[in-house]
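S.K.: Sharing a structure, written as structure tokens. Questions coming.
No lab work stands behind these numbers, since they all come straight from the coordinates. These numbers were taken from a predicted model, which means no experiment stands behind them. For neighbour counting, all protein chains shown are included, and Cβ atoms are generated from backbone atoms with ideal geometry for every residue, glycine included.
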């Protein structure tokens with residue numbers, strides 16, 4: 001994994017490098033993106049408010065204004081590449097290299113621009129409180145379930161304004177219909193379900209995207225992500241759950257993928273063929289959305305806060321009080 005990351009990093013070109021401003025103990029965020037300008041203003045505000053100190057971002061051949069916007073942000077270091085997202089293992093190689101070079105000894109958060117990290121007490125405690133507790137508890141990695149959020153009604157009719165909280169629009173989610181299995185080799189949990197299984201893969205739920213993630217890690221240069229943030233090496237980092245029947249603290253990534261421009265972006269990504277398994281996921285999106293671009297159903301639940309998600313069993317505060 002590390003050798004792949006080393007080879008692939010040669011395709012990265014520095015746009016602006018402010019990594020000299022990173023201080024010991026800073027919480028760092030790593031992300032790769034393409035054409036996400038409308039999401040970036042709120043994304044940056046959200047994570048700054050949580051307590052992220054520096055953003056290390058990779059732009060994969062955007063043709064909107066996202067790269068220029070980020071280059072002006074004083075807490076951002078930015079790289080760009082026109083190389084294949086697929087051949088870099090869907091961006092994992094690029095971020096593994098940057099984490100190896102800049103993340104050693106830091107708590108690092110790896111998220112996409114459409115993912116908002118929610119953890120126990122996030123409404124009253126900064127992310128530093130969580131990482132301090134994890135340090136004291138000698139827990140090096142923190143898991144989170146990806147929770148797909150969507151609007152009520154057709155997703156192509158609701159206008160999103162840059163800088164707006166996307167959860168104001170995509171405020172609904174599936175409270176149940178999730179399956180969990182343990183990956184016998186890597187030891188991580190494999191979660192599937194939610195609206196993407198229900199709507200896009202109703203006859204083949206095993207083909208639905210994985211919803212298990214490990215976005216927050218006390219990084220060491222020996223570590224590497226294997227497949228997105230679904231699993232890590234060494235394998236012990238993947239055991240973010242209690243094997244003896246209790247509950248370890250965990251979080252949720254609110255996934256605001258389904259906004260107005262989603263259908264258009266899905267069609268573009270299907271043409272680019274840069275996604276997993278011959279872009280089967282994007283084929284399903286395009287085929288289903290053209291007739292009925294609506295994910296809401298009578299079982300959908302409106303998001304309130306993290307405590308609601310804990311009551312539903314989608315996350316846990318464990319023994320963090």
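S.K.: Order the peptides 311-321, 140-150, 26-36 from the highest to the lowest mean number of other Cβ atoms within 10 Å of their residues. Write out the running numbers ahead of the final one.
M.R.: Working: 311-321: 15.8, 140-150: 23.6, 26-36: 21.5.
Going from most to least packed, we get 140-150, 26-36, 311-321.
S.K.: Right, here's the next one. Could you check the spin-label model distance between residue 20 and residue 152? Points 7 Å from the Cα along Cα→Cβ, value in nm.
M.R.: It works out to 5.4 nm between the two label points.
S.K.: Then there is this: Mind giving me the FRET efficiency for residue 124 and residue 72? R0 is 22 Å, r the Cβ-Cβ distance, nearest 0.05 is fine.
M.R.: Details: r = 31 Å, r/R0 = 1.43.
In this case the efficiency is close to 0.10.
S.K.: Still on this model: Relative contact order for segment 135-230: what percent, with Cα pairs under 8 Å and sequence separation of 6 or more?
M.R.: So the answer I get is 31 percent.
S.K.: Okay, next question. Please state the equivalent ellipsoid semi-axes for the chain: what are the square roots of 5 times the Cα gyration tensor eigenvalues, largest first, in whole Å? Mind dumping the intermediate values first?
M.R.: Details: eigenvalues 145, 121, 79 Å².
Semi-axes from the Cα gyration tensor: 27, 25, 20 Å.
S.K.: Related question: If every alpha-carbon in segment 85-133 counts as one equal scatterer, what log10 I(q)/I(0) does Debye give at q = 0.17, 0.21, 0.28, 0.30 1/Å?
M.R.: The Cα Debye sum returns log10 ratios of -0.69, -0.89, -1.08, -1.12.
S.K.: 222 nm [θ] for the chain, helices only, -39500 (n - 2.57) per DSSP H run of 4+, per residue, to 500? The partial results should precede the final answer.
M.R.: Working: 8 runs with 72 residues, N = 321.
Taking each H run of at least 4 residues, the total per residue is -6500 deg cm²/dmol.
S.K.: If r is the Cβ-Cβ distance from residue 45 to residue 302 and R0 is 22 Å, what FRET efficiency results, to the nearest 0.05?
M.R.: FRET efficiency, residue 45 to residue 302: 0.45.
S.K.: What is the Rg over Rh value, at two decimals, for segment 1-113, using alpha-carbon atoms and the Kirkwood definition of Rh? Display every interim value, and only then the final one.
M.R.: On the way: Rg = 13.0 Å, Rh = 14.0 Å.
In segment 1-113, Rg relative to Rh is 0.93.
S.K.: Just to be sure I understand the model, the point goes 7 Å from the Cα along the line to the Cβ. What's the resulting residue 207 to residue 261 distance in nm?
M.R.: Inter-label distance under the simple model: 2.8 nm.
S.K.: How much length is gained on full extension from residue 177 to residue 64, taking 0.36 nm per residue of separation minus their Cα-Cα distance? Don't jump to the answer; show the numbers that get you there.
M.R.: Values: separation 113, 0.36 × 113 = 40.68 nm, distance 3.67 nm.
Using 0.36 nm per residue and subtracting the Cα-Cα distance, I get 37.0 nm.
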